[in-house]
Each structure stands twice: as structure tokens, then as C-alpha cells.
Amino acid sequence: MLLEMSAVVRLKEQDNANLYRLLEICVKDDLAVYKQFYAENGSFVDSLGLSNSSLTDKMRLLTFATLGNQSNELEYQTIQTALDIPEEEVEEWVIRAISSGLIVAKMNQVTRTVHVHRSTSRSFSADQWQPLGPKCPFSLMGSTVPNHSDRFRYSRGRG
């Protein structure tokens with residue numbers, strides 16, 4: 001995971017705690033957490049040459065992706081609240097999330113819901129790999145890496 005890389009961890013250990021925290025927010029937190037961080041550290045974010053408006057939009061998209069991972073049926077009201085947007089902008093943000101490739105979804109304007117078929121995970125940790133282990137024809141978690149003939153046999157359905 002990005003936050004566990006040694007270079008990134010060193011940011012936290014050095015005098016760059018705010019930079020590490022901003023990165024952490026972008027990787028795993030939501031718009032509300034970013035807005036609170038910006039309220040307390042706006043001058044720091046601005047000093048990096050980052051646009052609060054642009055970061056807010058990106059955090060809205062990332063927050064939407066997280067919502068899609070939490071539930072496959074989202075009410076417009078849930079989206080409106082999480083993204084901190086007016087009701088009339090919900091459909092625009094659904095389209096933006098779909099266009100960006102973060103989600104695959106369909107809107108139902110009658111029921112005012114969004115059915116999420118797939119949503120991109122913002123990070124993929126060891127905990128998320130565990131359930132996949134038994135389903136894989138070889139171990140992705142261990143040191144066993146299939147050789148070329150194993151990959152060929154598995155790709156042909158003979159594993």
C-alpha cells in the first residue's frame with residue numbers, strides 16, 4: 001500500500017507530517033475529512049501550489065467511489081450528503097464518476113437511486129487479498145510464483 005512505502009513513511013517521521021496527512025486523506029478518507037484538514041491547514045495546501053477547488057472535486061470523486069464500495073444501491077440523498085453538493089448536482093456527479101472510470105453504475109431518476117455494478121477500490125490491502133487466496137490457482141500471497149508452463153496450463157483451464 002502507498003502509505004506503507006518507506007519513502008512515504010519517512011514523510012511522517014520527518015517534518016512533513018501535514019504532507020503525509022494530506023496523502024493519507026487522499027488514499028483513505030472522505031470529503032468531510034479533507035474539508036476539515038483544509039479548514040485547519042489551508043495555507044499549507046496552498047503553499048504546495050495545490051488548488052483547493054481541484055482537490056475538493058477529486059475528493060468528491062474518491063468519496064463517491066468509496067460509497068460505491070460500501071453499497072450497490074445509493075440514494076440521491078446519500079450522495080448529496082457525502083459529496084456536500086446541492087440536490088440538482090447529484091446526477092452530474094454520477095456522470096463524472098462514471099466518466100472517470102471510478103464506477104460502473106446506472107441512475108434511476110424515478111426512484112432517485114444509483115445502482116452501482118462496480119466501484120474502484122482506493123487501496124487494496126492484505127485483508128482484501130485474504131478472501132481471494134483460496135480462489136486463486138496459485139498463491140499470490142506466498143512465495144510460490146508459477147513458472148511459464150504453470151501460467152500456460154492455468155490459462156488453458158488445466159490447472
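The values are calculated or read from the model by the stated rules, or taken from the named source; none is laboratory data. Since the structure is predicted, the reported quantities are computational estimates derived from the model, not experimental observations. Don't worry about glycine lacking a Cβ; one is built from the backbone with ideal geometry, like all the others, and counts go over all protein chains shown. Each accessible area value is taken on the protein alone, full model and side chains, heavy atoms only, with ligands, DNA and RNA left out. Shrake-Rupley method; radii C 1.70, N 1.55, O 1.52, S 1.80 Å.
Computed FRET efficiency, Cβ-Cβ of Cys26 and Gln70, R0 22 Å: what is it to the nearest 0.05?
0.75
Modelled spin-label separation between Arg10 and Ile95, with each label point placed 7 Å from Cα along the Cα-to-Cβ direction: 4.6 nm.
Between Asn52 and Ala17, residue separation times 0.36 nm minus the direct Cα-Cα distance comes to 10.7 nm.
Note on surface exposure: Thr113, Thr66 rank Thr66, Thr113 by accessible area, highest first, 1.4 Å probe. Within the full protein context, the accessible area of Lys35 is estimated at about 80 Å² for a probe radius of 1.4 Å.
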